[in-house]
Amino acid sequence: MPPKDTPTDKAMLDAVCQTFETMAFAQVTEQSAELELEVGNESIWSSILVHDPVQGEIQMALPQALLTKIAADMFGIEQEEVNESQLQDIIAEILNTLAGLFMTSLLPDDQTYKLGLPEHGTGPLPEIETESIVWKLQIEGLALLLVAVGSGFRV
Amino acid sequence: MKRIVIADDSATARMFIKRCLDIIGFGDAEIIEAENGKEALAAAKAEPTDLLLSDLNMPVMDGETLLKWVRASPKLLDMPVVIITSAGNPAKEQELLQLGALKVINKPVSPPLLLEALSPFIDD
């Protein structure tokens, strides 16, 4: 297992914390080794492709219950009023934002990059067959999973 | 009353920008929402528009193409354009400023960030 607290880890954790705190007023922390939370089957995920100079993909998954609460807080509505379209839009925008912060932090100032348009789905994340880095995080005791797929993210 | 066009394919992002505008004193502005650059361009041409806030990464027409169209249009030439992007860094920011953006803001947008970016526009 690669060592923790690398520049890649720091870049991802900073990006996730800043994004959730600014957009959703939610505090993200790392999961403790003793209590490993699972995203579960009632989950929603989003993924975004990263193009030049790093080829890869960043994925995020979290329980629908957690995203529903975040959506209700963000839109100022009751949780029962949150619809599927809003959930998909919110997870895509959150991932889009944190992926940008992550890449900006990883790359030199003079290096431009491009992000694809986010995709999303429900249930577990699609199977990953290539090298990847996984961050198991939590918000209010519920799991948040981030994955960077590809060999170019480790610096 | 100012007329402001917000272009972003995410309804969440548009809501968030509207909320920030409201907080920094644009609560009485007429806000026109567009899901891509093409819609935003049409909205900006339809009536005199004071400000265009645009995402960079959108389907149909992206923010950079929109900016080029705006700067090439005699009718829209002087309209301030602020680019709000998740894929920004100093190199990209310089490119967009050279194309004629008033400011480039990185997501996530916050009221202080938007206020700072719009200060030249507010002074006008």
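The values are calculated or read from the model by the stated rules, or taken from the named source; none is laboratory data. Remember, it's a predicted structure, so these values are computed and weren't measured experimentally. Please note: Cβ atoms are built from the backbone with ideal geometry, for glycine as well, and neighbour counts cover all protein chains shown. Surface areas here come from the heavy atoms of the whole protein model, side chains and all, with no ligands, DNA or RNA. Shrake-Rupley method; radii C 1.70, N 1.55, O 1.52, S 1.80 Å.
Does any residue of region A:13-24 turn out to be without any contact (Cβ under 8 Å) to a residue 60 or more places away in the chain, buried (at least 19 other Cβ atoms within 10 Å of the Cβ), out of contact with any Lys or Arg (no Cβ under 8 Å at 6 or more places or on another chain) and more than 15 Å from A:Leu146 (Cβ to Cβ)? No, that holds for no residue. Listed here are the strands (runs of 3 or more DSSP E) enclosed by region A:45-155 that have at least 1 residues being within 14 Å of chain B (Cβ to nearest Cβ), open to solvent by 70 Å² or more (accessible area, probe 1.4 Å) and in contact (Cβ under 8 Å) with a residue 60 or more places away in the chain: A:119-122. Considering region B:1-28, the residues that are part of a helix (DSSP H, G or I) and of a type in the set (Val, Ile, Thr) include one that is most open to solvent (accessible area, probe 1.4 Å), namely B:Ile23.
Per the listing A:Leu142, A:Leu106, A:Leu98, the residue uniquely in contact with a helix residue (DSSP H, G or I) (Cβ under 7 Å, 6 or more places away or on another chain) and modelled with pLDDT of 95 or more is A:Leu98.
Conditions (1) among the hydrophobic types (A, V, I, L, M, F, W, C); (2) at pLDDT 95 or above, marked per residue:
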site	(1), (2)
B:Gly25	no, no
B:Asp28	no, no
B:Glu35	no, yes
B:Pro59	no, no
B:Ser86	no, no
B:Glu93	no, no
B:Leu99	yes, yes
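If we scan region A:115-137, do we find a residue that is under 16 Å from A:Ala24 (Cα atoms) and either touching a Leu at 6+ places or on another chain (Cβ under 6 Å) or modelled with pLDDT of 95 or more (or both)? Scanning region A:115-137 turns up at least one residue that is under 16 Å from A:Ala24 (Cα atoms) and either touching a Leu at 6+ places or on another chain (Cβ under 6 Å) or modelled with pLDDT of 95 or more (or both). When the residues of region B:105-121 are filtered to those that are touching a residue at least 12 places away in the same chain (Cβ under 8 Å) and more than 14 Å from every other protein chain (Cβ to nearest Cβ), the one that is most open to solvent (accessible area, probe 1.4 Å) is B:Leu115. Do we have any residue at all in region A:79-91 that's within 26 Å of A:Val155 (Cα to Cα), touching a strand residue (DSSP E or B) at 6+ places or on another chain (Cβ under 7 Å), modelled with pLDDT of 90 or more and among the aliphatic types (A, V, I, L, M)? No.
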